[in-house]
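The values are calculated or read from the model by the stated rules, or taken from the named source; none is laboratory data. Please read these numbers as outputs of a predicted model, since none were measured by experiment. Cβ placement follows ideal geometry from the backbone for every residue including glycine, while neighbour counts extend to all protein chains displayed. Please note that ligands, DNA and RNA were not included when accessible areas were found on the heavy atoms of the full protein model with its side chains. Shrake-Rupley method; radii C 1.70, N 1.55, O 1.52, S 1.80 Å.
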Amino acid sequence: MTAQISFFKEALKTIKSSGAIAPSSKWLSQRIVDSLNFEQPKIIVEFGPGNGVFTKKLLSRLSDDSQLIVFEINEFFYQQLLQIKDSRLTVINASAEALEFVLKRNQLNKVDYIISSLPLTNMNITVVDNILNASYQLLNTNGMFLQYQYSLRFYSKMKSVFKGKTNVSFELLNLPPAFLYTCYK
């Protein structure tokens, strides 16, 4: 069974938590990865990596002394992510709400980038607030939070949390087409 069919079947079973019907397109993932600076060691966090489309692209660009920490609550996708063998990758089977706890456990204080594909519109607003506020607090100065969504519903929320330092763009070549929020600290 191909990765796309496998993703589609799992996404349909768990549509409320996965929020997607297909893996992110190569155009969306390339656009996000190209917006990051990999010249110096980085701590990168990924929320909701699914089957690892972004994860693999990030790992292909990360320096040897960088770290990538991914949070995946779906057991099927979590097991797929565990198959990626890379010492720079830490796979966490927990909600993004555990970010601060996981960073402390790994003796980290701040992160440089957070990439999120969480389906914010399907989530409890208190959980969304907790994740966004913690993300802002735990980003390094000049850090970046990238979130893609299929609507503009959270644009004003992002601008509020990130003190107005938020841009939005659109990627047509994705199923479905996606809005990309780029938020700066």
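Can you give the helix-only mean residue ellipticity at 222 nm for the chain, where every DSSP H stretch with n ≥ 4 adds -39500 (n - 2.57) and the sum goes over all residues, rounded to the nearest 500 deg cm²/dmol?
-10500 deg cm²/dmol
Apply 1/(1 + (r/R0)^6) to the Cβ-Cβ distance of GLU39 and SER160, taking R0 = 41 Å, and write down the FRET efficiency to the nearest 0.05.
Once the sixth-power term is evaluated, E becomes 0.85.
For the peptides 120-126, 86-92, 108-114, 136-142, what is the packing order when you average, over each peptide's residues, the other Cβ atoms within 10 Å and list the highest mean first?
Sorting 120-126, 86-92, 108-114, 136-142 by mean packing, highest first, produces 108-114, 86-92, 136-142, 120-126.
Could you tell me, in Å, what Rg and Dmax come out for the Cα atoms of the chain?
Computed over the Cα atoms of the chain, radius of gyration and Dmax are 15.1, 45 Å.
Find the relative contact order for region 19-166 and round it to a whole percent, using C-alpha pairs within less than 8 Å whose residues are 6+ positions apart.
This gives 22 percent for region 19-166.
Which whole-Hz ³J(HN,Hα) couplings does region 27-34 yield from phi under the Karplus relation 6.51 cos²θ - 1.76 cosθ + 1.60, θ = phi - 60°, glycine and proline marked x?
Residue by residue, region 27-34 yields 6, 5, 5, 5, 4, 5, 4, 5 Hz.
I'd like the Karplus ³J(HN,Hα) series for region 56-72: coefficients 6.51, -1.76, 1.60, θ = phi - 60°, whole numbers in Hz, and an x wherever there's a Gly or Pro.
5, 5, 4, 4, 5, 10, 5, 6, 5, 9, 9, 10, 10, 10, 10, 10, 9
Percent relative contact order of region 33-87, based on C-alpha pairs within less than 8 angstrom and at least six residues apart?
About 42 percent, as a whole number.
Which percent, to the nearest 5, of DSSP beta bridges fully inside the chain are antiparallel?
40
Quick one: pull the percent of accessible area on region 27-134 belonging to carbon and sulfur, 1.4 Å probe, ligands and nucleic acids left out.
Exposed carbon and sulfur together represent 46 percent of the surface.
What nm value, rounded to one decimal, do you get for the distance between LEU59 and ILE84 when each label is placed 7 Å out toward the C-beta?
Placing both labels 7 Å beyond Cα along the Cβ direction yields 0.6 nm.
Residues of the chain: accessible area per residue at 1.4 Å, in Å²?
50
Using modelled backbone amide H atoms (1.01 Å from N, in-plane), which distant-in-sequence or interchain residues come within less than 5 Å of TYR150's amide H?
PHE179
Express in nm, to one decimal, how much length is gained between SER169 and ARG105 on full extension, taking 0.36 nm for each residue of separation and deducting their alpha carbon distance.
So the chain would gain 19.6 nm between SER169 and ARG105.
Would you work out the relative contact order for region 75-143, in percent, from Cα pairs under 8 angstrom that are 6 or more residues apart?
37
Report ³J(HN,Hα) in whole Hz for each residue of region 128-134, in order, from the Karplus equation J = 6.51 cos²θ - 1.76 cosθ + 1.60 where θ = phi - 60°; Gly and Pro get x.
Karplus values, whole Hz, x for Gly and Pro: 4, 4, 4, 5, 5, 5, 5.
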